[in-house]
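Quick notes on the structure that follows.
The values are calculated or read from the model by the stated rules, or taken from the named source; none is laboratory data. Note that the structure is a prediction, hence the values are computed from the model and not measured. For neighbour counting, all protein chains shown are included, and Cβ atoms are generated from backbone atoms with ideal geometry for every residue, glycine included.
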Ligand code: PHE
Ligand code: ZN
């Protein structure tokens, strides 16, 4: 184990920075191996006597340093591994520092680096210090001017934040451009791009009538594939005006697509930088899921302009202030653009599969933690996804009017400032009579609460008493939990499935909001003539696990009757989970009765919702192995997988006729990316997936569907289906033939080839292990490209539980080998891959032993601080 683990950063250690930076002027002389950066900061000490100024810096070569025009003698400053300390004079200063960096050898993709022969930057969270010495913390805000100079032919476009000021030639070979960003910003929002691109342009007229040019910079030849992202951008701009009253605030807005990127995208002021996978799309090369992701990420980054940029975070503990709120905003946008209920279901699936798993393991942390070891590892499902749920819950708790009043107050009070969660909650508190002090606990307490319900009907008093209890298991560093306010939308149904109007606290309604504030509480409904069935946490009003206390017969009755699509879907998922767990407990039983009742319920719901294909597709979706693991101790993923297959097979057998009809349907005419058309394709994919469970019976049909697929969505769903047939029959041959054809067609289009890699990494065919090794030695596999590494390693470790958790441990070993290779190049990526081990203690003892062995191997390898942080916590 490493002994040099750094002490954690603590929220309580926050101290304001003792200097103000009034203005920053950056001058870049761009060369791949030797870029010169001249950084001129003006400012003054804002408080305190201490004359030392500490600036962050990492991997910088100092060329010169001057204060107020005079070179600083060596004894006046000290360079440390973390930065530089300079003795400052009293009063105003102009500090000029020149450094040299090598973008070409920067494989971490943090700071200034090269991607596809272009310069680009990534500064969140602490990348700016890899460009120049600076107080690289989000509470130091300044207006930036940027001048760039570079070779004209190689880098015809020179972009930075804010507004373009001037550009021109320098001699015959070089040119320059100057950009100015009037909005004070923290260094993590700085961006620079230089290179050659195709540019897709458009414009948007804002609510106050200002015409704003918009541009998307992409690889040569890709400009047609930017149309959807541009359309999503314009819809986002207009939606943020309509729903939140937020207008864009610069003269231009630019998006740049790069292929080497650690995350999805980055909200740099006026110059968003995107992973190309979340920009480029057309029907031939992108799936509907890609279109959906592009729409939501474009919106997310744009929405950050107000929630993140205009109002930023005081320190990184407040990360959820911008991320939770912005995810909430992009979820609402998608719900308005598409189907609200389908969007909500997908958000819940994502929350459950990623965040609940995180909350249930050694990496659990609060939405606003009070300490962290490495900031890069705080970009988690908890901060993002649970953070968004807290905003949604807050809205349910205080109501729409107070919610929007509070948000406007927040925008008014903190515009141009670096704020905290307390600031946000104060703004909300001033707009509501609901006491939010207890609600704030949601931000500091980790772990997912479990709510248990039990109802008792009193025939004589005509009351229904619902007893609700909440419990949250211990998480790392938090052995004891307090009660949280949990808002639960609740309805009561008659035994025949009719929604009842009942009274709670004298108020009559057919849906009530219960707020469970204590560990245990009774809610008494009056006017209830016969024993009802309760439906709780409707719309997933609180991010909790629910033990509803119903029997499956009641649940089926509810699922058939409920007019709330989320509740209906949730009821069927619960039924599915129960039957899957029952079947895996008793493998030899035939479970005939429960199986046929379940399948009837699915079939009935399917038939009833077929006019809403996107929703019907979700009805056909069975809980994943990853979700089932959460409900089990000593889980055996292979067994759960086999059980799941058995259930899917039974459904397919029963519904074969209608599934085949669905598979044969294909839209004709021009490609339509709309939610409605995507819904039809999603249903087709769900049907193909179920039919593939019948092994080779439908192999010809599926292969035919691959060959004739008019869209990437249909191509990939057929390919996935072939990848999911276990035996060596015709599907195997078809799979390989299809892969060859796919590779031949797309070998020159990297983001499409990523799909080719990942469909194989997610396959469950017997040759998986050999296949993975082939993939890693494929000439196009590249350890330096995160998309490609994730296409193999993350697809395998996060979406192939059968392979990853192979009983003899080879899956864990394979991932570990990759982590060891990636870590030296890109610590953020290796740390992310390492989180795949987060649930290791939930598995059967033999698997735990294998996982622990690999974690120890990683622990002994002296990896990066980022990876080490995850390893240490996983092993703790
Ligand atoms: N702030 C980015 C987002 O949420 C995510 C990100 C974090 C990107 C760190 C790069 C580095 O949109
Ligand atoms: Zn974000």
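Residue count for the range 335-380, restricted to those that are under 20 Å from residue 441 (Cβ atoms) and free of Cβ contacts under 8 Å to residues at least 60 places away in the same chain: 1. Does at least one position in the range 238-253 carry a residue that is within 28 Å of residue 405 (Cβ to Cβ), within 15 Å of ligand 2 (Cβ to nearest atom) and in contact with a helix residue (DSSP H, G or I) (Cβ under 7 Å, 6 or more places away or on another chain)? Within the range 238-253 (the criterion being within 28 Å of residue 405 (Cβ to Cβ), within 15 Å of ligand 2 (Cβ to nearest atom) and in contact with a helix residue (DSSP H, G or I) (Cβ under 7 Å, 6 or more places away or on another chain)), the answer is yes, since at least one residue qualifies. The listed residues are 659, 647, 628, 640, and the only one of them that is within 26 Å of residue 849 (Cβ to Cβ), modelled with pLDDT of 95 or more and crowded, with 18+ Cβ neighbours inside 10 Å turns out to be 640.
Looking at the range 346-355, can you tell me whether even one residue there is part of a helix (DSSP H, G or I), surrounded by fewer than 17 Cβ atoms within 10 Å (Cβ to Cβ) and out of contact with any helix residue (DSSP H, G or I) (no Cβ under 9 Å at 6 or more places or on another chain)?
The first filter runs over the range 346-355 and keeps only residues part of a helix (DSSP H, G or I), leaving 346-355.
Add one more test, that the residue is surrounded by fewer than 17 Cβ atoms within 10 Å (Cβ to Cβ), and what stays is 350.
Subsequent filtering for residues that are out of contact with any helix residue (DSSP H, G or I) (no Cβ under 9 Å at 6 or more places or on another chain) retains none.
No: zero hits.
Inclusion of residue 317 among residues that are more than 24 Å from residue 621 (Cβ to Cβ) and away from ligand 2 (no atom under 13 Å from the Cβ) is warranted. Of all the criteria given as (1) within 11 Å of ligand 2 (Cβ to nearest atom); (2) within 16 Å of the chain's Cα centre (by Cα); (3) part of a loop (DSSP other than H, G, I, E, B), the one not satisfied by residue 309 is (2). Answer yes or no as to whether residue 429 is crowded, with 17+ Cβ neighbours inside 10 Å and within 21 Å of residue 10 (Cβ to Cβ). No; evaluated as a whole, the condition is false for this residue. Please work out if residue 209 is in a loop (DSSP other than H, G, I, E, B), over 29 Å from the mean Cα position of the chain (by Cα) and free of Cβ contacts under 8 Å to residues at least 12 places away in the same chain. In short, yes.
Which one is farthest from ligand 1 (Cβ to nearest atom), of the residues in the range 263-274 that are buried (at least 22 other Cβ atoms within 10 Å of the Cβ) and part of a loop (DSSP other than H, G, I, E, B)?
Checked the range 263-274; the qualifying residue farthest from ligand 1 (Cβ to nearest atom) is 270.
It is to be established whether one or more residues within the range 471-491 are more than 30 Å from the chain's Cα centre (by Cα) and crowded, with 17+ Cβ neighbours inside 10 Å. Yes, the range 471-491 contains at least one residue that is more than 30 Å from the chain's Cα centre (by Cα) and crowded, with 17+ Cβ neighbours inside 10 Å.
Going by what's in this entry, would residue 297 be described as surrounded by fewer than 24 Cβ atoms within 10 Å (Cβ to Cβ) and within 16 Å of ligand 1 (Cβ to nearest atom)?
So residue 297 fits the description; yes.
Selection of the range 417-431 for residues being in a loop (DSSP other than H, G, I, E, B) and either in contact (Cβ under 8 Å) with a residue 40 or more places away in the chain or in contact with a strand residue (DSSP E or B) (Cβ under 8 Å, 6 or more places away or on another chain) (or both) yields 417, 420. Do we find a residue being surrounded by fewer than 16 Cβ atoms within 10 Å (Cβ to Cβ) and more than 26 Å from the chain's Cα centre (by Cα) anywhere in the range 106-119? Yes, because at least one residue in the range 106-119 is surrounded by fewer than 16 Cβ atoms within 10 Å (Cβ to Cβ) and more than 26 Å from the chain's Cα centre (by Cα). The set of residues from the range 114-128 being touching a strand residue (DSSP E or B) at 6+ places or on another chain (Cβ under 9 Å) and under 20 Å from residue 322 (Cβ atoms) comprises 121, 122, 123, 124, 126, 127, 128.
Assess whether residue 40 counts as being in contact with a strand residue (DSSP E or B) (Cβ under 6 Å, 6 or more places away or on another chain), surrounded by 14 or more Cβ atoms within 10 Å (Cβ to Cβ) and either touching a residue at least 24 places away in the same chain (Cβ under 8 Å) or within 29 Å of residue 193 (Cβ to Cβ) (or both). Yes: the conditions hold for residue 40.
The condition of being part of a helix (DSSP H, G or I), within 33 Å of the chain's Cα centre (by Cα) and either modelled with pLDDT of 95 or more or buried (at least 17 other Cβ atoms within 10 Å of the Cβ) (or both) does not hold for residue 699.
Reported count of residues in the range 300-341, each being within 20 Å of residue 143 (Cα to Cα) and more than 13 Å from ligand 1 (Cβ to nearest atom), is 5. Kindly evaluate residue 594 against the criterion of being in contact with a helix residue (DSSP H, G or I) (Cβ under 6 Å, 6 or more places away or on another chain), surrounded by fewer than 19 Cβ atoms within 10 Å (Cβ to Cβ) and free of Cβ contacts under 8 Å to residues at least 60 places away in the same chain. In short, yes.
Scanning the range 367-394 for residues that are part of a loop (DSSP other than H, G, I, E, B) and either within 16 Å of ligand 2 (Cβ to nearest atom) or in contact with a strand residue (DSSP E or B) (Cβ under 7 Å, 6 or more places away or on another chain) (or both) turns up 367, 368, 370, 379, 380.
Taken together, 68, 59 contain a single residue that is on the phi > 0 side of the Ramachandran plot and without any contact (Cβ under 8 Å) to a residue 40 or more places away in the chain, which is 68. Set side by side, the residues 593, 631, 603 differ, and just one is over 16 Å from residue 693 (Cβ atoms) and assigned to a helix (DSSP H, G or I), which is 593.
Scanning the range 732-757 for residues that are outside any helix (DSSP H, G or I) and in contact (Cβ under 8 Å) with a residue 12 or more places away in the chain, which turns out nearest to residue 696 (Cα to Cα)? Across the range 732-757, the extreme among qualifying residues is 747.
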